[in-house]
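Inspection log for the structure reproduced underneath, given as structure tokens.
The values are calculated or read from the model by the stated rules, or taken from the named source; none is laboratory data. It should be emphasised that the depicted structure is a prediction, and the values quoted were computed from it without experimental measurement. Glycine also receives a Cβ, built like all others from the backbone with ideal geometry; neighbour counts cover every protein chain displayed.
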Amino acid sequence: MPSTQEKLDWSGIETVLLDMDGTLLDLHFDDHFWQEHVPRRYAELHGIDPERARALLQPKFRAMEGTLQWYCLDYWSRELGLDIPLLKQEIAHLIAVHPHVVEFLRALRRSRRKTVLTTNAHGESVSLKLARTDLAPWFDHIVSAHELGVAKESDAFWPALADLVPHDPERTLLVDDNLAALASAARYGIRHLRAVRRPSSRGPEVETGPFVAIEDFRDIMP
């Protein structure tokens with residue numbers, strides 16, 4: 001695994017782009033939602049065993065990974081015949097902020113750097129999670145990929161983001177648990193990139209390939 005000890009040169013960073021799910025927030029909520037809660041409700045709807053429901057749903061989910069539809073609550077509500085936003089509210093108590101996130105955001109505010117939430121999450125999911133966590137006031141801008149019509153995995157996302165929120169890629173940091181998004185950002189020219197070693201508190205550490213990973217936000221505190 002890449003070193004977690006490589007230090008950031010904060011003197012060269014003006015803008016900080018932060019992912020939401022798995023980066024600022026514990027991915028356990030999303031993992032539980034899609035792997036357990038949705039299959040359970042789908043099974044109830046169709047009168048089948050939850051394991052059978054899970055087996056039916058997994059190919060549908062895999063087929064959409066990396067696309068904007070994968071993150072679209074409206075799409076999955078139509079596709080599955082379930083009220084996906086309502087189901088998220090049913091387990092909203094599981095939404096949690098990763099350790100030391102607030103301290104990091106507070107330090108960014110003190111340093112007067114532009115702080116931008118850049119997420120693939122659907123607007124309704126963003127609203128639910130920010131309402132539960134009170135993180136919204138820390139950001140200068142909050143951008144959902146659905147506003148731009150393209151997911152962060154796509155090379156088209158980053159120039160579209162720059163049109164909406166101007167920034168110098170050479171002086172920008174992106175922290176994200178999505179390795180495909182990090183790779184896309186690297187191709188665009190974002191200079192400072194950090195992956196997340198453990199997106200879910202209940203999951204294992206992940207291999208982050210060529211990207212330097214953080215254990216938590218203390219590793220890159222400005």
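Which one of the conditions (1) assigned to a loop (DSSP other than H, G, I, E, B); (2) surrounded by fewer than 16 Cβ atoms within 10 Å (Cβ to Cβ); (3) under 22 Å from the mean Cα position of the chain (by Cα) does Lys7 fail to meet, given that it meets all the rest?
(3) is the only condition that Lys7 fails.
For residues in the range 152-164 being surrounded by fewer than 23 Cβ atoms within 10 Å (Cβ to Cβ), in contact (Cβ under 8 Å) with a residue 12 or more places away in the chain and not in a helix (DSSP H, G or I), which is farthest from the chain's Cα centre (by Cα)? Step through it out loud before you land on a result.
Kept after step one, since they are surrounded by fewer than 23 Cβ atoms within 10 Å (Cβ to Cβ), are these residues of the range 152-164: 153-156, 159-160, 162-164.
Filter once more, keeping what is in contact (Cβ under 8 Å) with a residue 12 or more places away in the chain: 153-155, 159-160, 164.
Filter once more, so that each one left must be not in a helix (DSSP H, G or I): 153-155.
Working: Glu153: 12, Ser154: 15, Asp155: 17 Å.
Only one residue fits best here, namely Asp155.
Kindly check whether there is at least one residue in the range 96-113 that is polar (S, T, N, Q) and either within 19 Å of the chain's Cα centre (by Cα) or at positive phi (or both). Steps first, answer last, please.
Quick first cut of the range 96-113, residues polar (S, T, N, Q) only: 111.
From what is left, the residues that are either within 19 Å of the chain's Cα centre (by Cα) or at positive phi (or both) are none.
No, the conditions are met nowhere in the range 96-113.
Just give me the residues in the range 165-184 being closer than 25 Å to Asp30 by Cα and either of a type in the set (Lys, Arg) or touching a residue at least 60 places away in the same chain (Cβ under 8 Å) (or both), in sequence order. Explain how you work it out, then say what you get.
Of the range 165-184, the ones closer than 25 Å to Asp30 by Cα are 173-184.
Leu173, Leu174, Val175, Asp176, Asp177, Asn178, Ala180, Ala181, listed by residue number.
Can you name every one of the helices (runs of 4 or more DSSP H) wholly within the range 44-112 that holds 2 or more residues which are closer than 30 Å to Glu14 by Cα?
On the way: elements: 50-64, 73-80, 84-90, 101-111.
In the range 44-112, 101-111 are the helices (runs of 4 or more DSSP H) which contain 2 or more residues that are closer than 30 Å to Glu14 by Cα.
Output the residues belonging to the range 139-151 that are over 20 Å from Ile13 (Cβ atoms) and assigned to a loop (DSSP other than H, G, I, E, B). Can you show your working first?
Kept after step one, since they are over 20 Å from Ile13 (Cβ atoms), are these residues of the range 139-151: 144-151.
Matches in the range 139-151: Gly149, Val150, Ala151.
Within the set of pairs 6+ apart or on separate chains, which have a first residue in the range 2-13 that is farther than 13 Å from Asp219 by Cβ, a second that is at pLDDT 95 or above and of a type in the set (A, V, I, L, M), and C-beta atoms under 6 Å apart?
Ile13/Leu173
If I filter the range 114-138 down to residues being buried (at least 21 other Cβ atoms within 10 Å of the Cβ) and part of a loop (DSSP other than H, G, I, E, B), which single residue comes out as farthest from the chain's Cα centre (by Cα)?
Ranking the qualifying residues of the range 114-138, first place goes to His122.
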